[in-house]
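The values are calculated or read from the model by the stated rules, or taken from the named source; none is laboratory data. Note that the structure is predicted; figures quoted are calculated from it, not measured. No Cβ is skipped: glycine too gets one built from the backbone with ideal geometry, and neighbour counts run over all protein chains shown.
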Amino acid sequence: MWLAAKVGTAIALGPGMRRLCALFLLSLVNAFAALAAADPASGPPADAATVGAFWTRLGAPAGIDRAEALALDGAGSRLAVGGERGVALGPVSGPLDRVLARGPVRDLVFLPDGALLAGTDAGLYRIASGRVTSEAIAPGEAARDVRDLDVADRLIAAATAAGVYVAPAEASPNWRRVAG
């Protein structure tokens with residue numbers, strides 16, 4: 001899903017990003033070719049981290065049950081995991097630390113400035129520089145039920161039980177309901 005989202009975003013952004021996407025897909029094809037040629041008995045190749053062909057299991061973060069939502073930052077260095085009891089965040093290599101104790105978490109997304117947004121049944125939370133703040137998208141209980149989040153360039157979109165809203169990706173955004 002992450003690859004599909006990144007490919008879809010890149011294609012929507014223009015010809016320069018299409019070339020970058022094509023190079024990325026080519027590197028994936030080369031990685032899978034290297035994996036197919038590898039001898040399984042010899043273990044992962046020395047450059048397995050670069051190839052990206054092997055999965056690493058991270059232990060369940062403190063207070064996070066089954067993972068319901070995942071997000072990688074733009075550099076691919078930080079991982080956020082959301083579950084029934086909140087959000088854990090940390091480097092991709094681990095360990096992950098619990099940063100939000102509210103849930104269930106339905107969706108996570110990193111913003112261009114590095115902040116993390118967590119959409120939960122109880123509201124939208126911004127996690128940045130070790131601080132957690134609650135953001136009101138609109139008045140009413142239905143607007144607190146955040147079901148899905150997305151970000152493109154400098155715009156955030158949130159699907160709630162009250163409708164779809166958009167806002168600029170800044171520290172204190174002004175949310176606007178999308179008509180229709």
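Here is how the numbers come out for the structure above:
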| read-out | value |
| --- | --- |
| Hits in region 74-106 (condition: assigned to a loop (DSSP other than H, G, I, E, B), within 11 Å of the chain's Cα centre (by Cα) and modelled with pLDDT of 90 or more) | none |
| Looking only at region 126-173, and only at residues there that are basic (Lys, Arg) and exposed (fewer than 14 other Cβ atoms within 10 Å of the Cβ), the one that is farthest from residue 67 (Cα to Cα) | 154 |
| Which listed residue, of 119, 114, 123, is in contact with a helix residue (DSSP H, G or I) (Cβ under 9 Å, 6 or more places away or on another chain) and closer than 20 Å to residue 70 by Cα | 123 |
| Top-ranked residue of region 139-180 - restricted to ones that are touching a helix residue (DSSP H, G or I) at 6+ places or on another chain (Cβ under 9 Å) and assigned to a loop (DSSP other than H, G, I, E, B), ranked as nearest to residue 107 (Cα to Cα) | 161 |
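Okay, residues lined up against (1) touching a strand residue (DSSP E or B) at 6+ places or on another chain (Cβ under 6 Å); (2) touching a residue at least 40 places away in the same chain (Cβ under 8 Å):
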{"position": "93", "(1), (2)": "no, no"}
{"position": "101", "(1), (2)": "yes, no"}
{"position": "110", "(1), (2)": "yes, yes"}
{"position": "122", "(1), (2)": "no, no"}
{"position": "164", "(1), (2)": "no, no"}
